[in-house]
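See below for the structure under consideration.
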Amino acid sequence: MKHTISVLVENQPGVLSRISGLFSRRGFNIDSLAVGVTDDPSVSRVTIIVDGNEYTVEQVLKQLNKLIDVIKVKCLGADENIARELVLVKIAVTGDKRSEIMTLAEITKAEIIDISPTTMTLQLADTTPNVMRFEEIVKAYGVIEEVRTGVIALEKGAECITVKK
């Protein structure tokens, strides 16, 4: 089962290396990893997706809490979070396929962010299953280049993971 772990860390060099080293030493696999600063520039949020049972996740949480740079760790329940991933896809497009790609973008809620005489670049920010479906659909048009971010997530409702001041 996939688990979403949100970690607040001090925004310092080497923190990500220590986190990834912990996973490596313990033999835990990271399915997705995204890092970004928060509203406080001295704090970053790391969102990690791990695949494993409850015991594995419990061990990950305990080990993360032991790291000096870690401020707060929380496992976000599958139904208790809003998660998104971003994909950028550059497609080879001839003139006769442009309108088809534009319709596809409209239907999938993707955004056309660049057009050249021979390519179109689309962007989609959505749930991981929808991003994967989108990737499958656009393959038929000749993907030249593609890049995906890691998953980012927030808790639903009023709950927050913040640094208490």
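Using label points projected 7 Å from each Cα along Cα→Cβ, tell me how many nm separate VAL163 and MET102, to one decimal.
So the label points at VAL163 and MET102 sit 4.8 nm apart.
Residues in region 60-102 near a label at ILE144, defined as backbone nitrogen under 20 Å from the 7 Å Cα→Cβ point?
Within reach of a label on ILE144, which here means backbone N under 20 Å from a point 7 Å along Cα→Cβ, region 60-102 contributes 87-102.
Taking amide hydrogens as modeled 1.01 Å from N in the peptide plane, which residues meet the under 5 Å criterion relative to ILE71, leaving out close sequence neighbours?
Residues meeting the amide H criterion: LEU8, VAL9, GLU10.
For the chain, how big is the tail of P(r) above 19 Å, as a whole percent of Cα pairs? Kindly include the intermediate steps, with their values, before the conclusion.
Values: 8167 of 13530 pairs.
Here the long-distance tail beyond 19 Å is 60 percent of all Cα pairs in the chain.
Considering only protein heavy atoms and a 1.4 Å probe, what is the carbon-and-sulfur percentage of the accessible area of region 1-68? Write down the numbers at each step before the final one.
On the way: 1900 of 3760 Å².
In region 1-68, the share of accessible area belonging to carbon and sulfur is 51 percent.
Using a simple spin-label model with points 7 Å from Cα along the Cα→Cβ vector, what separation in nm is obtained for ASP39 and LYS109?
Distance between label points: 2.5 nm.
Leaving out ligands and nucleic acids, note down the accessible area per residue over region 4-64 with a 1.4 angstrom probe, in whole Å².
Details: 3070 Å² over 61 residues.
Value for region 4-64: 50 Å² per residue.
With the contact rule set at Cα under 8 Å and sequence spacing of 6 or more, what percent relative contact order holds for the chain?
Values: 284 pairs, mean separation 45.7, N = 165.
RCO, the chain: 28 percent.
As I understand it, the value is the acute angle between the Cα axis of helix 15-26 and the longest principal axis of the Cα atoms of the chain; what does it come to in degrees, rounded to 10?
80 degrees
The values are calculated or read from the model by the stated rules, or taken from the named source; none is laboratory data. Given the structure is predicted, the values throughout are model-derived calculations rather than measurements. So basically every Cβ, Gly included, is an ideal-geometry build from the backbone, and we count neighbours across all protein chains shown. Just the protein is used for accessible areas: all its heavy atoms, side chains included, with ligands, DNA and RNA removed. Shrake-Rupley method; radii C 1.70, N 1.55, O 1.52, S 1.80 Å.
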